[in-house]
Amino acid sequence: MAKLPPLAQYALRLGDDALILGQRLSEWCGHAPALEIDLSLANIALDLVGQATHFLGLAGEIEAKGRDADALAFKRDVLDFSNCLLVEQPNGDFARTIARQFLFSHFQELQFGALTGSTDPRLAAIAAKAVKEVAYHARLASDWVARLGDGTDESRARMIAGLDWMWRFVDELFVLDAIETKLASQGIAVDKPALRAAWDARIDGVLAEATLSRPAPHRPVLGGREGHHSEHLGHLLSEMQFLQRAYPGATW
Amino acid sequence: MYTTDLSGKDKKKSEPTPLKQEDPKLLAAFEARVANDEFIEPKDWMPEAYRRTLVRQISQHAHSEIVGMLPEGNWITRAPSLRRKAILLAKVQDEGGHGLYLYAAAETLGTSRAEMIEALHSGKAKYSTIFNYPTLTWADIGAIGWLVDGAAIMNQVPLQRTSFGPYARAMVRVCKEESFHQRQGYEIMMALAGGSREQKRMAQDALARWWWPSLMMFGPPDDKSPNTEQSIRWRIKRETNDELRQKFVDVSVPQAEAIGLSIPDKKLKWNEARGHYDYGEIDWEEFYAVVRGEGSVAKERMQARVKAWEDGAWVRDAALVHAAKRTAAKIAAE
């Protein structure tokens, strides 16, 4: 894939994060621990697919080579996906799914909160709508972290294991590479390292409520923004992109 | 949908019906209210048989919504565009919501959700036979929306006036959403029927597989549906299985023609004198086999439901324990 203009690349990253997590969550549909949880997870997935549609649409528009949101979602391979590694991690049990959501939604809420002030009005508009949605996601995930952490012995053990599993992917959320550093200096992109303190405070607050402590530090696992993913993304894409790949050029 | 009365052929297996003698005065007053099209509310007096019929029908309906999430959920992760994915997610989520308020409506009759789910998992309670068929291609999602939800609407529109208030009110909302589901399904079929040769093939194949099972959704023929008469008298049902099935055929045939798909029934023919389509014989043997749990993916469907329930037990336990801890802490603080 030819190199995208920086702003398109940025919109693509935001869109890919939402798309891949939405895809993951939709795997739960019909299989959740209770009907109410099934509805909540589908709801979050739906919000994320909506956000992805907006961000990817914008990326395609900026690129101006005729690719729309669907072309970007269904016709790129692993190396051209720029989501963070956290969102592509498999669901695991419910605690692992909640751990992933908890860590990501708080990040996303802070990020979109800041993005509403972007000097790019299109990004700001999408963020303004999305920030309300992700605030709810963060609250829902936090509530479950507290319930599972301070629930039964089993749920506590699973919640600890879930957080421990996902923790190595946290640092990547806050990395600002050359592209985003430049965009941030123009007031377009969010200065992500600046969000870290607020994120830490939120996470620690909920963990305290859940009577849990932070997982042990782990050397950051990075690479998602540059297309260097975990082994899981290829499988996710092969499922998600199956129809578009099997019937090139068809309209659905 | 999914209100097929499946109890008829299973009489031998079900528990013997105790012949409770109802107070004739109360019964007469009840019958008069129902005949007068009044709603019966949960706290009102009602005959035991009425209560039991409703619990059976509403829980069966709720189970069908929940099991029905599986065949369609099977395609959410493979939906061919972001728009289709969002619509399908929303649709399957709606089905879950229907299940939720139907369980709630049934609970007003004194049976808990846990009891109903237990009955589903043990095989005691039934769900619509239609969900024991597999979704093989994307066109099946179109066919389910168009035909299965179309049949559901036929069944459910009259239920908005069913005599039990909570059920009737739940149906008002359900019907609105089902009508959106039906349109999205037909729209998928239109896109496929107007698409490439492979897409047309998919669409035609899906119609061929879903047509007869959809007709079966209306339940056994009237002369073999033992509960119909009393259910109609009690305004639990408002139209017979065969009447509703005929309506469905009459509406669906022109829809298939409009997009150039053919219905797999050589006997299908407009009957000028009746003002209806005549249609071929339904394979009732297949229907009763599927009711007995011998549908091609019945085992997978139940396995998936039971697995979700068992795998989720620790989550539900944790939520209860956590809530109890919170309550205790609150009381201690006061």
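Evaluated with a Cβ-only charge set (Lys, Arg +1; Asp, Glu -1), chain B carries a dipole of roughly 660 debye about its Cα centre, given to the nearest 20. Over region B:155-224, what is the mean sequence separation of C-alpha contacts under 8 Å (at least six apart), divided by residue count, expressed as relative contact order in percent? Over region B:155-224, the number comes to 18 percent. Could you tally the net charge around B:VAL148, taking each other residue with its Cβ under 13 Å from the Cβ of B:VAL148, Lys/Arg +1 and Asp/Glu -1? Net charge around B:VAL148: -4. Under the criterion of Cα pairs below 8 Å and six or more residues apart, the relative contact order for chain A equals 24 percent.
Other protein chain C-beta atoms within 10 Å of residue C-beta, averaged over A:140-151: 3. Consider all pairwise Cα distances in chain A and report the whole-number % of them above 32 Å. The share of Cα pairs beyond 32 Å in chain A comes to 18 percent.
Region A:60-126 and region B:278-334 have their alpha-carbon centroids 33 Å apart. Each peptide in A:6-18, B:34-46, B:73-85 was scored by the mean count of other Cβ atoms within 10 Å over its residues; highest first, the order is A:6-18, B:73-85, B:34-46. Ranked by the mean number of other Cβ atoms within 10 Å of their residues, highest first, the peptides B:304-313, B:87-96, B:104-113, B:57-66 come out as B:57-66, B:87-96, B:104-113, B:304-313. Full extension of the chain between B:ASP222 and B:TRP284 yields a length gain of 21.1 nm, computed as 0.36 nm times the residue separation minus the alpha carbon distance.
Checking the cross-link pairs A:LYS65/B:LYS85; B:LYS91/B:LYS247; A:LYS3/B:LYS91; B:LYS237/B:LYS307; B:LYS200/B:LYS247; B:LYS247/B:LYS307 against a 31 Å limit on the alpha carbon distance flags A:LYS3/B:LYS91; B:LYS237/B:LYS307; B:LYS247/B:LYS307 as lying beyond it.
With semi-axes defined as the square roots of five times the eigenvalues of the C-alpha gyration tensor, the equivalent ellipsoid of region B:120-215 measures 28, 17, 9 Å, largest first. Rounded to 0.05, the FRET efficiency of the A:LYS132 and B:LYS176 pair, given R0 = 22 Å and the Cβ-Cβ distance, is 0.30.
Across region B:146-263, the mean sequence separation of Cα contacts (distance under 8 Å, 6 or more residues apart), normalised by length, yields a relative contact order of 34 percent.
Provide the three semi-axes, in whole Å and in decreasing order, of the ellipsoid equivalent to chain B as defined by the square roots of 5 times the Cα gyration tensor eigenvalues.
34, 28, 18
Cross-link pairs exceeding 19 Å between alpha carbons, from the set B:LYS224/B:LYS269; A:LYS132/B:LYS176; B:LYS126/B:LYS299: B:LYS224/B:LYS269; A:LYS132/B:LYS176. Multiplying each eigenvalue of the alpha-carbon gyration tensor of the protein assembly as shown by 5 and taking the square root yields semi-axes of 47, 31, 19 Å, largest first, rounded to whole angstroms. Peptide B:67-77 is shielded by partner chain Cβ atoms: per residue, an average of 4 of them sit within 10 Å of its Cβ. Amide H to amide H distances under 5 Å link B:PHE164 with B:ILE40, where only residues 5 or more positions off or on other chains count and H is placed in the peptide plane. Each label point was placed 7 Å from the Cα along the Cα-to-Cβ direction; for B:ARG316 and B:ILE232 their separation is 3.9 nm. Axis angle, to the nearest 10 degrees, between helix A:6-26 and the longest C-alpha principal axis of chain A: 50 degrees.
FRET efficiency for the B:ALA208 to B:GLU334 pair, using the beta carbon distance and R₀ = 60 Å, is estimated at 0.35.
We did not get these values from a lab; they are worked out from the coordinates using the rules stated. For clarity, every value in this text was computed on a predicted model and none was experimentally measured. Positions of Cβ are backbone-derived with ideal geometry, glycine not excepted, and every protein chain shown enters the neighbour counts.
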